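Read-outs: derived from the displayed coordinates by stated rules, not from any lab. Quantities reported herein were computed from a predicted structural model and do not represent experimental measurements. Positions of Cβ are generated from backbone atoms using ideal geometry, with glycine treated the same way; all protein chains shown enter the neighbour counts.
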């Protein structure tokens, strides 16, 4: 028997939702990694500076992410406006209307490769990384850096 947690549209205005969006506004970039020989499933990696990453760990924001989204079957929303060189990315829950915006990304080969390498219903891993100098670093103490599994993507 499947148990569903009832959510209202007021969830978007809740304090945890506002705090999560405030945190996501500090994300410096998004890296789309297609499924290939190295990774088993496509990955959406949120990149931030080291201080933001430390706050993410210290303030248990990963728990807020999971509390808000894990039971809601979240998907990646991709919005491409006409005559735009950028795409809008969001994580949304279609049932409740929860929507968390990510930084806009330039349209390019990375996006096309990501979309060509998968079907819209394939799972997407959500990971967190941070910049340390010119390198992107993932937490070496975590056995798996996957924060959440998204249930696919849609175009808005």
> So what is the orientation-averaged projected area of the chain, using the convex hull of its C-alpha atoms, in nm²?
Replying inline: 10.6 nm²
>> With n ≥ 4 as the cut-off for DSSP H runs, can you work out [θ] at 222 nm for the chain, using -39500 (n - 2.57) per run divided by the number of residues, rounded to the nearest 500?
In response: -6500 deg cm²/dmol
> Using 7 Å Cα-to-Cβ label points, what is the residue 104/residue 66 separation (nm, one decimal)?
Replying inline: 3.4 nm
> Which whole-number percent is the relative contact order of the chain (Cα, under 8 Å, 6+ apart)?
Replying inline: 28 percent
